[in-house]
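Participant: I have a structure here, written as structure tokens, and I will follow up with some questions on it.
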Amino acid sequence: MLRIMIADDEERIRLGLEKIITKESGAYRVVGSYASAVELLEDLPGKEADVIITDIQMPGMDGLELIERLRSLRPEVQCVILSGYSEFEYARRALQFRVLEYLLKPVNKQELFALLGRLLGETEKRRSEGQARRESWLREKLQGREPGHTDEAADLAGKGDIACLVIRGEEPVEMEALCRWAAGVSGTAFLETVPMSGHIACLLFGADPLLHPQGTADLGRLLAMSCAAGQKGCLSIGQGPAVREPQRWSEAYKEALRASHYAMYGSGRVLTASVEEIPDVSVHGLFAKAEKELKPHLGVLDVPAIREVLQRFLHHLAELKPEKKQLHEVLEGTVFLLRQEIPEFIEGTEQHYGGSLQLEKLVYESMRFDQIGSQWLRMMSDLLEWSGERRSGQGNRVIGQVKRILMDDYQRDIDLPSLAAQVFLTPNYLSKLFKTETGQTLTEFLIGIRIQKAKELLKEHAELKTYEIGERVGYPDPAYFNKIFKKTVGFTPKEYRDTVR
């Protein structure tokens, strides 16, 4: 938007300009209209303006004097001379004051809007470049570096208590929506939105004690709830402590980032945590206990027993709620133990993961603890199964992996191409291999899992309606669920439930 102020002592011309400019486009806004240069200067401190259109000859202070004053007060404002006098002397004096635009009365509409369109483009470019410099300065400050001076950041010192929110998105953060919704939260005395990377943004904010007496922490919670609007996927939002000195902004950012990672234990689409919520816990005792439980099973490679210990270990970690740094350390420690005790585990890691499980990436890029735990357990299970098969020379690792995928994800709509891609085979080859090894097609095996789960739910959960059970086992269409159940079991779901009550 181009914000325009007009100064002309002729009311008819002044009001006419204001009317045609306002009517032309929403991109132009007249923020002030004045009968003299003195009136404009008196109102200037409370106005934000990009362009000032001024008549040259006005009572008291003329237009060129006004422009001379503006050059010291608002050097960034662009000035346009409006006059019925086209003498060279006026043009020459205007150029001395760097007035680049000169309109003659009566104003030609086409010329006026061509000029305003050009000034709008220049203004938007200047704003964008200025905002980029400001964001760059803030980003460096938050990351602990000392950025050089920039005019766009000159107003950031002395803002009182400032807190930081870090917003981490499963999808790239929509900065425009974030800015819009954050700005709609009342009670902020200071608010800056800083993109840190594609998936991470930072809000620096301070509370206005008159508009929001509850303080910075409470305002942070309101901002966190507002941030979810306009964003896709899961959000993880962390709030750091309030600090006063700009030298401590990097501390506030690091603590807010830390809290955003700790929010992985939350539920729902928006996960939130403040740094004050992070407990001081140790995982060493838990790891030592898991190591003791694992040792008897590692030498003989008892895969079911090892998996059971690992599942229990994850359950205890979820109860303890360590930070991601500690979580990463114990998951890596467990992998190190398995590599030490099971030689085939090392070979499997090399063959299937290129030698690295990239656990640090898994831990720090995942939004939820459940995601980390399930993916880690699946990798461990796959490698343990492979190691067992490698050692005994029995079974087929691929078929075992496919069965585990189907048993874990039977509720989802599983298609053959995506399933084959997970085990690095073509769809046709996987179908033939599965049929040869198991005597069943993939579809028959999946139906068997779903129907068995449905039978268990029908027997044990009388409160669930049959269509709800169908949805839970991967059949959202009630009619199809009834048909496939009866074909497999010989009864409809309702008839089966009646027989097992």
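Participant: Would you please name the residue that is modelled with the highest pLDDT, looking only at residues in region 433-442 that are surrounded by 12 or more Cβ atoms within 10 Å (Cβ to Cβ) and in a helix (DSSP H, G or I)?
Facilitator: LEU442
Participant: For LEU416, all conditions in the list (1) more than 24 Å from PHE481 (Cα to Cα); (2) touching a Pro at 6+ places or on another chain (Cβ under 7 Å); (3) not aromatic (Phe, Trp, Tyr) hold save one; what is the number of the exception?
Facilitator: Every listed condition holds for LEU416 apart from (1).
Participant: If you don't mind, another one. Hey, does region 294-302 have a residue that's within 18 Å of LEU377 (Cβ to Cβ), assigned to a helix (DSSP H, G or I), within 37 Å of the chain's Cα centre (by Cα) and not charged (D, E, K, R)?
Facilitator: no
Participant: Let me confirm something: among GLU360, GLU385, GLU389, which residue is surrounded by fewer than 18 Cβ atoms within 10 Å (Cβ to Cβ) and more than 23 Å from LYS453 (Cα to Cα)?
Facilitator: GLU360
Participant: Count, please, the residues in region 230-253 that happen to be touching a residue at least 24 places away in the same chain (Cβ under 8 Å) and out of contact with any strand residue (DSSP E or B) (no Cβ under 9 Å at 6 or more places or on another chain).
Facilitator: Summing the residues that are touching a residue at least 24 places away in the same chain (Cβ under 8 Å) and out of contact with any strand residue (DSSP E or B) (no Cβ under 9 Å at 6 or more places or on another chain) in region 230-253 gives 2.
Participant: Give me the residue from region 263-282 that is without any contact (Cβ under 8 Å) to a residue 60 or more places away in the chain and part of a helix (DSSP H, G or I) and, out of that set, surrounded by the fewest Cβ atoms within 10 Å (Cβ to Cβ).
Facilitator: In this case the residue turns out to be GLU276.
Participant: Continuing with the same structure: If we keep just the residues of region 69-87 that are farther than 16 Å from ILE6 by Cα and of a type outside the set (Gly, Ala, Ser), which is nearest to the chain's Cα centre (by Cα)?
Facilitator: Ranking the qualifying residues of region 69-87, first place goes to GLU76.
Participant: Output the residues belonging to region 121-135 that are modelled with pLDDT under 85 and surrounded by 13 or more Cβ atoms within 10 Å (Cβ to Cβ).
Facilitator: Across region 121-135, the qualifying residues are GLY130, ARG133, ARG134, GLU135.
Participant: Something else about it: Those residues that are surrounded by fewer than 18 Cβ atoms within 10 Å (Cβ to Cβ), assigned to a helix (DSSP H, G or I) and among the hydroxyl-bearing types (Ser, Thr, Tyr), I need them from region 319-357; list them, please.
Facilitator: Result: TYR353, single match.
Participant: Enumerate the pairs (first residue in region 462-476 and within 12 Å of ARG450 (Cα to Cα); second residue anywhere and aromatic (Phe, Trp, Tyr) and buried (at least 17 other Cβ atoms within 10 Å of the Cβ)) with beta-carbon separation below 7 Å, excluding pairs fewer than 6 apart on the same chain, so at least 6 apart or on different chains.
Facilitator: GLY470/PHE481; VAL473/TYR410; GLY474/TYR410; TYR475/PHE481
Participant: Provide a single number: the residues in region 29-50 that are assigned to a loop (DSSP other than H, G, I, E, B) and of a type in the set (A, V, I, L, M).
Facilitator: 2
Participant: OK, next. For region 398-409, does any single residue satisfy the condition of being of a type in the set (S, T, N, Q), assigned to a helix (DSSP H, G or I) and either at pLDDT below 85 or surrounded by 13 or more Cβ atoms within 10 Å (Cβ to Cβ) (or both)?
Facilitator: Within region 398-409 (the criterion being of a type in the set (S, T, N, Q), assigned to a helix (DSSP H, G or I) and either at pLDDT below 85 or surrounded by 13 or more Cβ atoms within 10 Å (Cβ to Cβ) (or both)), the answer is yes, since at least one residue qualifies.
Participant: Sticking with this structure for a sec: Name the single residue, out of those in region 303-322 being of a type in the set (A, V, I, L, M) and either in contact (Cβ under 8 Å) with a residue 12 or more places away in the chain or not assigned by TED's automatic domain parsing to the domain that holds VAL363 (or both), that is farthest from GLY285 (Cα to Cα).
Facilitator: Taking the candidates together, the pick is VAL303.
Participant: Within region 479-497, count every residue that is surrounded by 15 or more Cβ atoms within 10 Å (Cβ to Cβ) and under 16 Å from GLN411 (Cβ atoms).
Facilitator: Final tally of qualifying residues: 3.
Participant: Return the only residue of ILE6, ILE67, ILE53 being assigned to a helix (DSSP H, G or I) and in the same structural domain as GLN110 (by TED's automatic domain parsing).
Facilitator: Within the list ILE6, ILE67, ILE53, the selection yields ILE67.
Participant: May I pose another question? Does LEU359 satisfy being within 31 Å of the chain's Cα centre (by Cα) and more than 28 Å from ARG472 (Cβ to Cβ)?
Facilitator: Here the answer is yes, as LEU359 does meet what is asked.
Participant: How about region 457-501: which of its residues are part of a helix (DSSP H, G or I) and hydrophobic (A, V, I, L, M, F, W, C)?
Facilitator: Scanning region 457-501 gives LEU457, LEU458, ILE469, ALA479, PHE481, ILE484, PHE485, VAL489, VAL500.
The values are calculated or read from the model by the stated rules, or taken from the named source; none is laboratory data. The shown structure was predicted, so the numbers you read here are calculated from the model rather than taken from an experiment. With ideal geometry, Cβ positions are generated from the backbone for all residues, glycine too; neighbour counts draw on all protein chains shown.
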